[in-house]
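The block underneath contains the structure these notes are about, expressed in structure tokens.
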Amino acid sequence: VDEYVQNTYIDLAADRTTLQIDLTPGVLVAPEVVALIDADGDGEISEAEGEAYAEDAVLRDVSLAVDGEPQPLTLVDSSFPTPLDMGAGMGTIRLWVAPEAPVGSPGAHSLSYRNDHEPVDNSKYLVNAFRASDEVEISNQDRDELQHAIQVDYTTTSDAPATSGEAVDASTDAAGSGVSERGQLLADYLYETTLSPWLLVAGLGLSALLGGLHALTPGHGKTL
């Protein structure tokens, strides 16, 4: 009721890490939070006011580092409830943020995150890291007592890219299918719909020869 609950969910991926920050003001602190966001006091939160609060207030107070290198964060998307919902304690502000440039490479890494956003006197924090794909393995999560900060140790892997079809020549295709180049040529020749005249003559001659030899075998002559 009297707390500003701030939950951060860190989605670890092999090439890019994203964060979802959920901010939920209780009934007693919601008027103060709404006043900070609704700059013109018209009782509505415009898109510009929401982005200004996210970028100038929240992102200014959070930090991310990977392997000791600071990673500036940018706002990817946001969702703001109505002041009426927040006033009833049922509205959650959701911010999706990510580093300005993709980070990560195969191997072991360490990520550090900290949230120092305290617009009201009674803020409570929660932070967790998750893996966004099977290419990530989390080995350790170490939070401070108030969960303002977390350090995550993780390892990423990457599969080798598949060979491009343009880089495979005809001989490779034949080898991959288990048919040799000569065998393929023979099969093409046998399945031709038009045969040469010389092949027809040779076939007829061979048939006549085999027929004559067959007639000379025992049992095929006439008994007198």
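Values computed for the structure shown
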| item | result |
| --- | --- |
| Meets criteria (open to solvent by 60 Å² or more (accessible area, probe 1.4 Å) and without any contact (Cβ under 8 Å) to a residue 12 or more places away in the chain) for E100 | no |
| Meets criteria (open to solvent by less than 40 Å² (accessible area, probe 1.4 Å) and either among the hydroxyl-bearing types (S, T, Y) or at negative phi (or both)) for L59 | yes |
| Answer residue from segment 86-119, given it is in contact with a helix residue (DSSP H, G or I) (Cβ under 9 Å, 6 or more places away or on another chain) and of a type in the set (D, E) and is nearest to I138 (Cα to Cα) among those | D116 |
| Whichever residue in segment 62-90 is within 21 Å of T24 (Cβ to Cβ) and hydroxyl-bearing (S, T, Y) and, among such residues, is most open to solvent (accessible area, probe 1.4 Å) | T82 |
| Residues within segment 20-77 that are in contact with a Phe, Trp or Tyr (Cβ under 6 Å, 6 or more places away or on another chain) and not acidic (D, E), tallied | 8 |
| In segment 103-149, the residues that are open to solvent by 70 Å² or more (accessible area, probe 1.4 Å) and among the small types (G, A, S) | A108, S139 |
| Residues being part of a strand (DSSP E or B) and in contact with an Asp or Glu (Cβ under 8 Å, 6 or more places away or on another chain) - total across segment 112-128 | 3 |
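The values are calculated or read from the model by the stated rules, or taken from the named source; none is laboratory data. Just so it is clear, the model here is predicted, and its values are computed rather than measured. Neighbour counts are summed over all protein chains in view; Cβ atoms, including those assigned to glycine, are modelled from backbone coordinates with ideal geometry. Just so you know, the surface numbers come from the protein's heavy atoms only, side chains and all, with ligands and any DNA or RNA stripped out. Shrake-Rupley method; radii C 1.70, N 1.55, O 1.52, S 1.80 Å.
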